[in-house]
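The values are calculated or read from the model by the stated rules, or taken from the named source; none is laboratory data. Everything quoted here is computed from the prediction, not taken from an experiment. As a convention, Cβ positions derive from the backbone with ideal geometry for all residues, glycine included, and neighbour counts pool all protein chains shown.
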Amino acid sequence: MKSSSEMANVEAAVKAAWKAIDDEGGYATNLTQRLVRIPSVNPKFITDPLQNREDALQDLVEAELTSIGMTVDRWDVFPDRPNVVGQLAGSEERSLLLCGHIDTVPIGEREAWTVDPFGGEIKDGKLYGRGAVDMKSGVAAAIAAVRGIRKAGIELDGRVAIHAVVDEETGGFGAIDALKRGHLAKAAIITEPSWGDIQPCEGGVEWIRVTITGRQGHAAWRYNEIWPQRDGPDRLRPAVNAIDIAGRFLDALRNFESSRCRHRQHPLLPPGWNTINVGVIRGGAGLGPDGLPLVMTNPCIIPDVAVLDLDYNFLPFQTKEEIRSEFEEFVHHFCQQDLWLQENPIKVAWELGGLHFPPMDTSPDHPIVQSLVKRRAELGGEHKISGVIFVSDAAHYAGAGVDAVVCGASGDGFHGLDEYVDVASLEETTKTLAASIIDWCGVKQ
């Protein structure tokens, strides 16, 4: 517990940092505009040198971090796709990192936007542009918060770091790479949009590939497969339609999913959040080296391959070992009900595309969570504690043992048209972050 003098020093530092932020007159908003005006669409979605400018955007981030005295580590996660990590030295026991991703999804149909998607236009208190809320404003708020602390002349006791990472939109491989390089801390604030909420928990996500194999045949002989036939020496060997099996499997999967949703819930997530989405189905003849059917254009063939790709959400208090074992047991029991599948069982492959998001389940009573709640309330903002209903880089930090929480600004249009961040919420978030950095890291005496 802090002494009364320590608490007084912290409160004085918070007020000084808030004044410095106010005196700068919207630095976070201005920086967000500059970031939005440098397109940084993830090249895994589209390849366009004019839009894939993560390298140029990170030049700006690096310059801002350097200007406030942070030492910078910069490296390419993928060619021309760098991470940037800035740090102020301090004790590890009170270390804190703030993380935001700089890649965005594509803009979609340009003509459907009512504003320039890379213009950073402000109107009616909203700053528009791709990445405005998801999440260049979060990166800007983190930088502005540390900048305010530095401008106020405050020396922090704990080490503070800012992680500006790539590739969150396609799995978080930028954050994963930062962790592999040892960029850790005792606690983390992920500055994804949270609409006023403080969010200490997030479910995990697995991408799964389910492969069902049958036996090829000519469609004209389908009757021999599905209608009772005299089974003698002259009977042609029946085909086995893998897509038919997939239909039965989907029915069973819905029942399995429903049972999970009914009987397991987390108090900070919506009831039924733990779903299993069947996102992609491909059926056809022959299994190619890429794990997909070779022929998907000839309905005259009874298909012997059906491939289902699933997005599997599990709750913050569950482990990947638990949910994997449970799912594989479900698949095993389904196969035992069918003579063909007993001999040709369904195959389950985890971490499709290398994707796995661990769960995050930080206690609502954790000091960093309570600090964010307190400071947001003091600034007149919303301060409800809730759970993250999407997945973010918070998962990877939590999976590495860092106590993580999500706290960011408000807005709309993320992954859609006319994306914007609410300017007032961005400025309030900046001050909330600054105060919580001081609360957690402490002030040198």
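Quick notes on this one:
- Test: residue in the stretch 336-343 that is within 29 Å of Leu184 (Cα to Cα) and either in contact with a helix residue (DSSP H, G or I) (Cβ under 8 Å, 6 or more places away or on another chain) or not assigned by TED's automatic domain parsing to the domain that holds Ala20 (or both): no
- A single member of His356, His332 is modelled with pLDDT of 95 or more, of a type outside the set (A, V, I, L, M, F, W, C) and at negative phi, and it is His332.
- Number of the condition not met by Gln51 [criteria: (1) more than 29 Å from Ile149 (Cβ to Cβ); (2) surrounded by fewer than 16 Cβ atoms within 10 Å (Cβ to Cβ); (3) not hydroxyl-bearing (Ser, Thr, Tyr)]: (2)
- Restricting attention to the stretch 400-426 and to residues that are part of a helix (DSSP H, G or I) and in contact with a helix residue (DSSP H, G or I) (Cβ under 6 Å, 6 or more places away or on another chain), the residue that is farthest from Pro193 (Cα to Cα) turns out to be Val423.
- Qualifying position, being of a type outside the set (Phe, Trp, Tyr), at positive phi and either at pLDDT below 95 or under 18 Å from the mean Cα position of the chain (by Cα) (or both), among Gly182, Gly153, Gly171, Gly125: Gly171
- When restricted to residues that are touching a residue at least 40 places away in the same chain (Cβ under 8 Å), in a loop (DSSP other than H, G, I, E, B) and small (Gly, Ala, Ser), the stretch 286-327 contains 1.
- Gly401, sole failed condition from (1) touching a Cys at 6+ places or on another chain (Cβ under 9 Å); (2) on the phi > 0 side of the Ramachandran plot: (1)
- Flag if Ser363 is under 22 Å from the mean Cα position of the chain (by Cα), over 24 Å from Glu428 (Cβ atoms) and either in contact (Cβ under 8 Å) with a residue 60 or more places away in the chain or not in a loop (DSSP other than H, G, I, E, B) (or both): yes
- Count of residues meeting criterion [surrounded by fewer than 16 Cβ atoms within 10 Å (Cβ to Cβ), modelled with pLDDT under 95 and either in contact with a helix residue (DSSP H, G or I) (Cβ under 8 Å, 6 or more places away or on another chain) or of a type in the set (Val, Ile, Thr) (or both)] in the stretch 230-257: 2
- Only one entry of Pro49, Pro82 meets the criterion of being in contact (Cβ under 8 Å) with a residue 60 or more places away in the chain and in the same structural domain as Ala185 (by TED's automatic domain parsing), and that entry is Pro82.
- Qualifying residue in the stretch 131-146 (condition: among the hydrophobic types (A, V, I, L, M, F, W, C) and not in a helix (DSSP H, G or I)): no
Rundown of residues vs (1) over 21 Å from the mean Cα position of the chain (by Cα); (2) closer than 26 Å to Ala434 by Cα; (3) surrounded by fewer than 18 Cβ atoms within 10 Å (Cβ to Cβ), yes/no style:
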| position | (1), (2), (3) |
| --- | --- |
| Met70 | yes, yes, no |
| Arg74 | yes, yes, yes |
| Asn83 | no, yes, no |
| Glu93 | yes, yes, yes |
| Ile102 | no, yes, no |
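- Qualifying residue in the stretch 6-23 (condition: free of Cβ contacts under 8 Å to residues at least 24 places away in the same chain and touching a Gly at 6+ places or on another chain (Cβ under 8 Å)): no
- The stretch 1-48, subset of a type in the set (A, V, I, L, M, F, W, C) and at pLDDT below 95, residue farthest from the chain's Cα centre (by Cα): Ala8
- Residue check for Gln33: in contact (Cβ under 8 Å) with a residue 24 or more places away in the chain, farther than 17 Å from Val165 by Cα and assigned to a helix (DSSP H, G or I): yes
- Among the residues listed as Val139, Val133, Val146, Val165, the single one being touching a Pro at 6+ places or on another chain (Cβ under 6 Å) and in the same structural domain as Thr32 (by TED's automatic domain parsing): Val133
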